[in-house]
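Q: Take this structure first; my questions come after.
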Amino acid sequence: MSTLTWLHLSDWHWRESDGCDANIVMGKLLDDLADRARFAPEIAKINLIFVTGDIAFAGCSDDYALARRFLKRLHQATQVRKDQLFMVPGNHDVNRALITAKAKSLVAGLSDSRAAIQLLTDEEKRAALIKRLHGYQRFVNDELGYVFDSSHYF
């Protein structure tokens with residue numbers, strides 16, 4: 001029987017001004033991941049990594065500087081390829097300064113899944129919502145080679 005091993009990381013809230021504390025936690029985690037075969041042979045090979053939500057603290061491009069360094073070191077420690085790394089934005093990946101009045105009014109009208117589907121299938125409205133994820137968009141497009149935009153948001 002073949003085994004699939006995955007690593008799930010979430011809610012880092014990277015912020016350059018908090019770099020010292022984050023670097024301590026990040027460093028220890030990466031040390032353990034690099035040495036995992038010694039103390040946990042069953043996870044010697046990691047097949048997939050999921051980074052789900054809240055990579056940044058406030059969705060600003062500067063928030064992603066630490067995340068960039070972390071991803072580089074994560075790759076070195078795990079040898080997991082970029083195409084085996086999956087990322088999902090969270091509410092902290094939204095740059096609230098980029099939320100327009102139009103985007104606020106679009107979200108205010110959401111009352112059920114049907115309304116959400118209608119919103120997300122309208123390209124102009126969807127683009128207005130995706131704008132607030134500009135920092136996240138640049139991060140994943142540059143670092144992972146993703147195409148994350150209003151047409152490719154999942």
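The values are calculated or read from the model by the stated rules, or taken from the named source; none is laboratory data. All figures in this text were calculated on a predicted structure; none of them were measured in a lab. Every residue, glycine among them, receives a Cβ derived from its backbone with ideal geometry; neighbour counts consider all protein chains shown. For the accessible areas, the whole protein counts, side chains as well, though only heavy atoms, and no ligand, DNA or RNA atoms are used. Shrake-Rupley method; radii C 1.70, N 1.55, O 1.52, S 1.80 Å.
Q: List the aspartates and glutamates whose Cα lies under 13 Å from the Cα of K102, skipping any in the same chain that are fewer than 8 positions away.
A: E124
Q: Here's something else I'd like to know. With angles folded into 0 to 90 degrees, how steeply does helix 64-78 sit against the dominant principal axis of the chain? Use alpha carbons for both and round to 10.
A: 40
Q: Say we join alpha carbon atoms closer than 10 Å with springs in a Gaussian network model of the chain; which of I49, I99, I117 then has the biggest fluctuation?
A: Its mean-square fluctuation being the largest, the pick is I117.
Q: In nm, give the distance between the simple-model label positions of Q79 and F39, each being 7 Å from the Cα along the Cα-to-Cβ direction.
A: 2.1
Q: GNM, the chain, Cα, under 10 Å: largest mean-square fluctuation among V80, V25, V140?
A: Residue with maximal mean-square fluctuation among V80, V25, V140: V25.
Q: Sticking with this one: Can you list the lysines whose alpha carbon is less than 23 Å from that of K72, not counting same-chain residues fewer than 8 positions off?
A: K28, K45, K82
Q: Something else now. Over the chain, calculate the relative contact order: mean separation of alpha carbon pairs under 8 Å at least 6 apart, over the residue count, as a percent.
A: Numbers: 210 pairs, mean separation 38.2, N = 154.
Taking the mean separation of contacting Cα pairs over the length of the chain, I get 25 percent.
Q: While we're here: Per 0.36 nm of contour for each residue apart, how much would the distance between N141 and V88 grow if the chain were fully extended, relative to their Cα-Cα spacing? Walk me through the intermediate numbers first.
A: On the way: separation 53, 0.36 × 53 = 19.08 nm, distance 1.27 nm.
Length gained, N141 through V88: 17.8 nm.
Q: For the chain, what does -39500 (n - 2.57) per DSSP helix run (n ≥ 4), summed and divided by total residues, give at 222 nm, in deg cm²/dmol to the nearest 500? Let's see the in-between values first.
A: Details: 7 runs with 70 residues, N = 154.
So the calculated ellipticity at 222 nm is -13500 deg cm²/dmol.
Q: Could you tell me the distance between the Cα centroids of the range 33-60 and the range 91-142, to the nearest Å?
A: Using only Cα atoms, the two centres lie 28 Å from each other.
Q: Restricting the calculation to Cα positions, tell me the Rg (one decimal) and the Dmax (whole number) of the chain in Å.
A: Spelled out, the Cα radius of gyration and Dmax of the chain are 17.6, 54 Å.
Q: Follow-up. Could you please state how large a percent of the accessible area of the chain is carbon and sulfur, counting protein chains only and using a 1.4 Å probe? The partial results should precede the final answer.
A: Details: 5190 of 9330 Å².
Solvent-exposed carbon and sulfur of the chain make up 56 percent of the total.
Q: In Å², and per residue, what accessible area does the range 47-92 have when probed at 1.4 Å with the other protein chains present?
A: Numbers: 2160 Å² over 46 residues.
Heavy-atom SASA per residue in the range 47-92 reads 47 Å².
Q: Next question. Extension gain S10-A101, at 0.36 nm per residue separation less the Cα-Cα distance, in nm? Please report the intermediate quantities before stating the final value.
A: Details: separation 91, 0.36 × 91 = 32.76 nm, distance 2.96 nm.
Here the answer is 29.8 nm.
Q: Here's a follow-up. Taking the alpha-carbon distance from K104 and a cut-off under 27 Å, which lysines remain once sequence neighbours fewer than 8 residues away in the same chain are dropped?
A: K125, K131
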